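What follows is one structure encoded as structure tokens, with my remarks underneath.
The values are calculated or read from the model by the stated rules, or taken from the named source; none is laboratory data. This is a predicted model, so every value here is computed, not measured. Note that each Cβ is placed from the backbone with ideal geometry, even for glycine, and that neighbours are counted across all protein chains shown. To get the accessible areas, we keep the full protein, side chains included, count just its heavy atoms, and leave off ligands, DNA and RNA. Shrake-Rupley method; radii C 1.70, N 1.55, O 1.52, S 1.80 Å.
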Amino acid sequence: MKIVVTGGLGFIGSHTVVELQNENFEVVVVDNLSNSSIDVLDGIERITGKKPLFEQIDLRDKAAVQVFFQKHEDVAGVIHFAASKAVGESVKEPLLYYENNVASLVYILQELQKKQEANFIFSSSCTVYGQAEVMPIAETTPVQTAMSPYGNTKQIGEEIITDVTKVSNVNAILLRYFNPIGSHPSAEIGELPMGVPQNLVPFITQTGMGLRESLSVYGNDYPTVDGTCVRDYIHVVDLAKAHVIALQRLVNKKNAEKLEVFNLGTGTGSSVLEVISAFEKVSGQKLPYTIVPRREGDVTSVYANTDKANTVLGWKTQSTLEEAIASAWKWEQKVRNSR
Ligand code: NAD
Ligand code: WQD
């Protein structure tokens, strides 16, 4: 069964390709390499014994998207990861984000809408909840006004897909990820941020390697267990497996509604200091860090209520925070030692 994975050479996409191939799906990766490397294909092959088909296409190119779907008219499902994801950059360059994250989505859906039947999975984000009042956050929690153009592209994306499923044969699942971290246990693929990492775990592992002098912890005066912000860090392999289950649900027509939404998190919140201490435990070294003022736009506490994904999808995370951080650390060491 042929599955298209857009952004399939990126962080979450590449791990999902591995899990799809492990379940014998035939994968076609579409990526423009704007935030990934062609070498990821080799990593996927080393893990699964199979190199997925690859088409280097920029999804902002409407004609190229049309040609692609004509060529692959037998596609059983599309998992759409391709997007730009840097929150700060999106504030400075909003139109880049609206074009890449919204226009591309529209072009893909235009092609899927022509089909007798189509299955679509969308990478959404817990950012759509903003700072929810009640923790843990269930899918019924109202979406809040977006705090950045990036966050807005996820909300607009969800709305576009909702509208399209009402009037077409497209069945869709929106997956709202909490904070994905870690890498495949083989360390053949992982997260490769370009430039200075904005996210906590890659910054920690780079600091652990000596590439960064010290981690800045953004604020310790939040109303949390130790004053630092709380997030729900999910191992990327657990996240990838959820995509396979969601896809199987669509292709086997087990979906209860044409549009379904699931939170993908562990259900447990961890503070920044807890993440640091997990890193220190798995790496056996002290992490240099200093407390600095709060980062603008950060919310205090965000973690998932995962009941719906647990019961309806029958999916549950398997890895602990320490296992996820250990995998990120193994990957970081391998990447740096090979350069
Ligand atoms: P990533 O940047 O590692 O992967 C995205 C991939 O899409 C990259 O390989 C990039 O080259 C490709 N791409 C971007 N624009 C493209 C275009 N126009 N045409 C073709 N390919 C294009 O990001 P990721 O962390 O793997 O995130 C995947 C998805 O999950 C994104 O939609 C992101 O918004 C969403 N998401 C990520 C997180 C996170 O913290 N990583 C959290 C919530 C949601
Ligand atoms: C986690 C915690 C920081 C870096 C972002 C996006 C969100 C989603 C996931 C895509 C926070 C603290 C971080 C550092 C720190 N992406 N921190 N020092 O902000 O929860 O979410 O990525 O959809 O939309 O906003 O993740 O990893 O940046 O931060 O103290 O150098 O670590 O303040 O509390 P965040 P993050």
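Okay, here's what the table says:
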| read-out | value |
| --- | --- |
| Tail weight of P(r) past 18 Å, computed on alpha-carbon pairs of region 42-119, percent | 52 |
| The chain, relative contact order [Cα under 8 Å, separation at least 6], % | 19 |
| Cα-centred dipole magnitude for region 1-123, charges only on beta-carbon of K, R (+1) and D, E (-1), debye, nearest 20 | 120 |
| Percentage relative contact order, region 4-114, counting C-alpha pairs under 8 Å, at least six apart | 29 |
| Size of charge dipole - the chain - debye, nearest 20, with Cβ of Lys, Arg +1 and Asp, Glu -1, no other charges | 320 |
| Å³ per residue enclosed by the Cα convex hull of region 92-209 | 163 |
| Separation of alpha-carbon centers, region 76-155 and region 207-277, rounded to whole Å | 17 |
| Size of region 145-197 as Cα extents on the principal axes (Å, biggest first) | 43, 28, 17 |
| Region 91-209 - percent relative contact order, Cα under 8 Å, separation 6 or more | 31 |
| C-alpha center-to-center spacing [region 314-333, region 4-53] in angstrom | 19 |
| 14 Å beta-carbon shell around residue 207, net charge (K/R +1, D/E -1) | 0 |
| Size descriptor, Kirkwood hydrodynamic radius, that averages inverse alpha-carbon separations across region 140-245, Å | 17.1 |
| Per principal axis, descending, Cα span of the chain in whole Å | 56, 45, 39 |
| Distance between modelled label sites at residue 99 and residue 318, nm, 7 Å Cα→Cβ extension | 4.2 |
| Estimated translational D of region 222-266 in µm²/s (Stokes, Kirkwood radius over Cα pairs; 4 °C; 1.567 mPa s) | 100 |
| Carbon and sulfur %, accessible surface of the chain computed with the full protein complex present, 1.4 Å | 49 |
| Whole-number accessible area per residue in Å² for the chain, which is evaluated in the context of all protein chains at 1.4 Å | 44 |
| Pairs from 2/62; 166/241; 62/115 whose Cα-Cα separation, in the structure shown, is over 24 Å | 166/241 |
| Reduced Cα scattering model of region 1-78, Debye log10 I(q)/I(0), q = 0.13 Å⁻¹ | -0.35 |
| From the C-alpha gyration tensor of region 111-161, square roots of 5λ in Å | 26, 13, 7 |
| Between helix 104-113 and the chain: long-axis angle, C-alpha atoms, 0 to 90°, nearest 10 | 30 |
| Two-decimal log10 I(q)/I(0) for region 1-151, as the Debye equation yields it once each C-alpha is a single scatterer, q = 0.08, 0.12, 0.20 Å⁻¹ | -0.25, -0.56, -1.25 |
| Where only C-alpha atoms are counted, convex hull volume of region 167-317 per residue in Å³ | 157 |
